[in-house]
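Peer 1: My structure is below; once you've seen it, I'll send some questions.
The values are calculated or read from the model by the stated rules, or taken from the named source; none is laboratory data. If you're wondering where the values come from, they're calculated on a predicted model, not measured in any experiment. Counting neighbours? That spans all protein chains shown, and the Cβs are built from the backbone with ideal geometry, glycine included. Protein only, heavy atoms only, side chains kept; ligands, DNA and RNA dropped before computing areas. Shrake-Rupley method; radii C 1.70, N 1.55, O 1.52, S 1.80 Å.
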Amino acid sequence: MNHSLQQNLNRRILTATALFALLASAISGWLAFNEARELQDNLLRQAAALVDSHTINSAQTFPRSEPRAYPEDMLVLQSLGATNLGTSANSLPIPVELNDGLYTLNLNDIGWRVLIVTQQNNDKLPAQRFAISQQTEARDEVAWTSSLHTLLPVLLLVPILMGIVTYAIKQSIQPISDLAQELDERDESNLELLPKHSIPTELAPFIESINRLLKRLKRAIELQRRFVADAAHELRTPVTGLSLLADNLARATTMTEIQERLIPLQAGLQRTQQLVVQLLDFARLQSEASAKNQPINLQDIVQEVIAELYPFAEHKSIDLGMLRNESLQVMGTKTSLRTLTHNAIDNALRYTPNHGKVDVSLYALDGFAILEIEDTGCGIPVEDITHVFEAFYRVGVNTELGTGLGLAITQEIANRLGGKIYLENRPEGGLRFRYIQGLYLNTKINYPACV
């Protein structure tokens, strides 16, 4: 199948033009042919009018002579029946019983167009009937000549019209070709918007869609570059620290010194491991960008995550439990929902002091599934709440080990699932994390400003 817009337009428009031209030519030729015949019939009627006005008669038309052949384009006038003029040897064998009117007759193997009229004489002379005839071959030749004279100019103009149409289509498509050439000449760093001033109106929505895509692509590349730079910086710092700690460990001379210097090395390795795991989470999240969402039981995922993190809560003597535990289904993937839930509960446990409390609630409200996590930690300064979802951003007062990626990953997952995250400090102290997603929905939802 040919997918060229220009060739498709050329083929369809030129085909339609050719068909209409042929149809118009055929109709014009047919009309011209019949008009020519009508004119010739009128010529017979005019001759009949002369006969009726006594301008001519059979004696003036036919001298008595031997039979002869008539020229094809000659009008033949003869009387019908017994008259005082007699019967001419040149007369055509026209039946005398025919009524007045026009007839097409085959006489002596020759086609004739015959008009029969009755001459209205005065009282002194009786009425006479006359036939005015003309060979149909001559009439048809004249009619076809007239028809061709009408038909040929139209047929000759068709190629010219086709050339004009082809040129017009090519000129209309040319801005698209120019735009394609401009795009081909760009390098990968040039993501400027496409111009719209020379683009046909019908293609404007398509160009606007491409420009919106370029904006999103430009933003995604900028975020990716920033993320790579931040990740390299974040990795360089612990790796440099690990290198120094390893050097210190190598210079230790006693078992006591080795054990003392091994503790910060293990902590550094743990932080590096956590950073690598979260970077892999980001990579996994990108690979799931086109994954098909399906109904997932959020209750099962929350219970699995709590069971996984429960030993960590016990280690810090934190009371981890569920206040509300409803069975809810939302649209998403198991990996993304598990990562979101794990990061949210893990953050609450990390930033809650020993002997604190973390409450998890899962419930439905007005068609929404709500995952709520409340802790008794230090909360987040108001000026930092709008920045904590940025990659590698960490609150200045934090003393806990972290990478600054947890909430960034969580926010990215929420955006992909069509959900919404709210953070607010509790009046009694601590932070409330709330994730809201429509039940059984996989469409964009207009969430309230606060819940």
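Peer 1: Could you grab me the full set of residues in the stretch 277-304 that are out of contact with any Lys or Arg (no Cβ under 8 Å at 6 or more places or on another chain), outside any helix (DSSP H, G or I) and either open to solvent by less than 30 Å² (accessible area, probe 1.4 Å) or modelled with pLDDT of 70 or more (or both)?
Peer 2: If the condition is that a residue be out of contact with any Lys or Arg (no Cβ under 8 Å at 6 or more places or on another chain), outside any helix (DSSP H, G or I) and either open to solvent by less than 30 Å² (accessible area, probe 1.4 Å) or modelled with pLDDT of 70 or more (or both), then LYS292, ASN293, GLN294, PRO295, ASN297 are the ones that fit.
Peer 1: Determine if the stretch 92-109 includes at least one residue that is at pLDDT 80 or above and of a type in the set (Ser, Thr, Tyr).
Peer 2: Within the stretch 92-109 (the criterion being at pLDDT 80 or above and of a type in the set (Ser, Thr, Tyr)), the answer is yes, since at least one residue qualifies.
Peer 1: Taking the condition modelled with pLDDT of 80 or more and open to solvent by 80 Å² or more (accessible area, probe 1.4 Å), does ARG251 pass?
Peer 2: yes
Peer 1: Further, regarding this structure: Determine whether LYS215 is without any contact (Cβ under 8 Å) to a residue 24 or more places away in the chain, on the phi < 0 side of the Ramachandran plot and not in a helix (DSSP H, G or I).
Peer 2: Answer is no for this residue.
Peer 1: While we're on this one: Return the residue satisfying two criteria in turn: it lies in the stretch 317-343 and is within 34 Å of the chain's Cα centre (by Cα) and within 18 Å of ALA364 (Cα to Cα), and of such residues it is surrounded by the fewest Cβ atoms within 10 Å (Cβ to Cβ).
Peer 2: Here the answer is MET331.
Peer 1: Any residue at all in the stretch 184-196 that is farther than 30 Å from TYR103 by Cβ, within 38 Å of the chain's Cα centre (by Cα) and assigned to a helix (DSSP H, G or I)?
Peer 2: Looking for residues that are farther than 30 Å from TYR103 by Cβ, within 38 Å of the chain's Cα centre (by Cα) and assigned to a helix (DSSP H, G or I), one finds at least one in the stretch 184-196, hence yes.
Peer 1: Let me ask another. Condition first: surrounded by 13 or more Cβ atoms within 10 Å (Cβ to Cβ) and among the polar types (S, T, N, Q). Now tell me which residues in the stretch 200-227 satisfy that.
Peer 2: The one that is surrounded by 13 or more Cβ atoms within 10 Å (Cβ to Cβ) and among the polar types (S, T, N, Q): ASN211.
Peer 1: Same structure, new question: Filtering the stretch 355-371 down to residues that are under 44 Å from the mean Cα position of the chain (by Cα) and not in a loop (DSSP other than H, G, I, E, B), which residue is surrounded by the fewest Cβ atoms within 10 Å (Cβ to Cβ)? If you could, list the steps in order and put the result at the bottom.
Peer 2: Initially, the stretch 355-371 is screened for residues under 44 Å from the mean Cα position of the chain (by Cα), giving 362-371.
Now drop any that are not not in a loop (DSSP other than H, G, I, E, B), which leaves 362-365, 368-371.
Working: LEU362: 23, TYR363: 14, ALA364: 14, LEU365: 10, PHE368: 21, ALA369: 22, ILE370: 20, LEU371: 25.
Filtering first and then ranking leaves LEU365.
Peer 1: Moving on to the next point. For GLU374, are the conditions met, namely being at negative phi and in a strand (DSSP E or B)?
Peer 2: yes
Peer 1: Taking the stretch 373-392, which residues are modelled with pLDDT of 70 or more and either under 44 Å from the mean Cα position of the chain (by Cα) or surrounded by fewer than 16 Cβ atoms within 10 Å (Cβ to Cβ) (or both)?
Peer 2: Going through the stretch 373-392, the residues modelled with pLDDT of 70 or more turn out to be 373-390.
Scanning the stretch 373-392 gives PRO381, VAL382, GLU383, ASP384, ILE385, THR386, HIS387, VAL388, PHE389, GLU390.
Peer 1: What is the number of the single condition among (1) of a type in the set (A, V, I, L, M, F, W, C); (2) at pLDDT below 80; (3) assigned to a loop (DSSP other than H, G, I, E, B) that LEU152 does not meet?
Peer 2: (3)
Peer 1: Considering only the stretch 186-199, state which residues are of a type outside the set (Asp, Glu) and surrounded by fewer than 12 Cβ atoms within 10 Å (Cβ to Cβ).
Peer 2: The answer is ARG186, SER189, ASN190, HIS197, SER198.
Peer 1: Let me ask something else about it. Pick from SER88, SER58, SER79: which is under 15 Å from ARG129 (Cβ atoms), open to solvent by less than 40 Å² (accessible area, probe 1.4 Å) and modelled with pLDDT of 75 or more?
Peer 2: Testing whether each residue is under 15 Å from ARG129 (Cβ atoms), open to solvent by less than 40 Å² (accessible area, probe 1.4 Å) and modelled with pLDDT of 75 or more leaves just SER79.
Peer 1: Six or more apart or on different chains, Cβ under 6 Å: which pairs go from a residue in the stretch 325-345 that's assigned to a helix (DSSP H, G or I) to one that's of a type in the set (Val, Ile, Thr) and open to solvent by 10 Å² or more (accessible area, probe 1.4 Å)? Could you list them?
Peer 2: LYS334/ILE296; LEU337/ILE296
Peer 1: Of the conditions (1) within 30 Å of THR335 (Cα to Cα); (2) surrounded by fewer than 13 Cβ atoms within 10 Å (Cβ to Cβ); (3) of a type in the set (A, V, I, L, M), LEU235 clears all except one; give me its number.
Peer 2: That leaves (2) as the condition not met.
Peer 1: Exposed (fewer than 11 other Cβ atoms within 10 Å of the Cβ) and farther than 30 Å from TRP30 by Cα: does that describe GLN181?
Peer 2: In short, yes.
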